[in-house]
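The values are calculated or read from the model by the stated rules, or taken from the named source; none is laboratory data. As the structure is a prediction and not an experimental result, all values here were calculated from the model. Here the Cβ positions follow ideal geometry from the backbone for every residue, glycine too, while neighbour counts run over all protein chains shown.
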Amino acid sequence: MNEQEVPQDENSIYRGQKRAVYATGQDGEYGVVASSGWDVEEEATQQAVAELERLADEAYEACVSGQASPLEFHMYDNRLDILSLSQATGLFQWRIKRHFRPEVFAKLSEKMLERYSDVMGISNDVLKTVPKRES
């Protein structure tokens, strides 16, 4: 992409900030160009966030009914999925899925809980609970 073709669609997700993208200049060399966003990127990001919010709502209901552990809710609430949580914690995906079971989650050590809470930026106490929601 040439420098003149870099999208400048004032993406609301960037909130007035710019993103660095690589583009070729007049001399044919690659360089960094500031972009204020692209409409297509904004739409895709909004869809992804909406999906994570939907999954968080489903996980919340599963937690309240005792079918899932608070870990699943907090994962989606922090805009993570199993793959990204696995990469951030260094745990296998199957192991994280196992921790979604309330009876398994209840037996996790404080050290294991810290791995999750450190990634999500919350305390172990918050990780162990599901926040009350107003109806």
Return yes or no: is Trp94 surrounded by 12 or more Cβ atoms within 10 Å (Cβ to Cβ) and either in contact with a His (Cβ under 7 Å, 6 or more places away or on another chain) or not acidic (Asp, Glu) (or both)? no
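If you scan region 67-93, which residues turn out to be on the phi > 0 side of the Ramachandran plot and not small (Gly, Ala, Ser)?
Arg79
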I'd like to know if region 101-108 contains one or more residues that are of a type in the set (A, V, I, L, M) and either outside any helix (DSSP H, G or I) or under 19 Å from the mean Cα position of the chain (by Cα) (or both). yes
Please find, among Leu71, Leu91, Leu83, Leu113, the residue that is assigned to a loop (DSSP other than H, G, I, E, B) and at pLDDT 95 or above. Leu91
